[in-house]
Amino acid sequence: MANEKDFEFSDDEFDEWEDENESEEKKNKKEKKPKERVQLPIFLELVYSFALIFTILLALVVAGMSYLSGAKWLDVFVRTAITILSTGLLLWIFSLTISNGALKTVKILHQEALEKQQDNNNQNEDAEDEAFSNNRQNMDVG
């Protein structure tokens, strides 16, 4: 059996153990920071939401109108399914077109920004080279 003395810690050992646990807790807190969620631009969010809501509402209207006109349950189901598939497909194509256009625009803007940044870097390098050569000439003269 284990003796109580086997489990006793000196104050220094306890302090070291406590410091290690605190540092591990701090690391865990840093690691547990919530990751930033990628969000779509508001315009694309609106397009997707509109497509979903419109498809659902149209399916409900078709199902309701079919039921009220006295159609059988199978007919109501088939009409609603066809409505959902056809409108869903059309609005999916619409959303895809809008998304591709937005992505192409962002890509072009990003490329232009990179080109502008590279031009600024090149100008800064040229200015530094010129300043260096002027300093070198001044040192040679002096």
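Read the figures in this text as sums done on the coordinates, not as results from a lab. Because the structure is a prediction, the values reported are computed rather than measured. Backbone-built Cβ (ideal geometry, glycine too); neighbour counts: all protein chains shown.
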Whole-Å semi-axes of region 42-141's equivalent ellipsoid (Cα gyration tensor): 66, 9, 6
Gln118-Phe54 pseudo-label distance in nm [points 7 Å out on the Cα-to-Cβ vector]: 4.0 nm
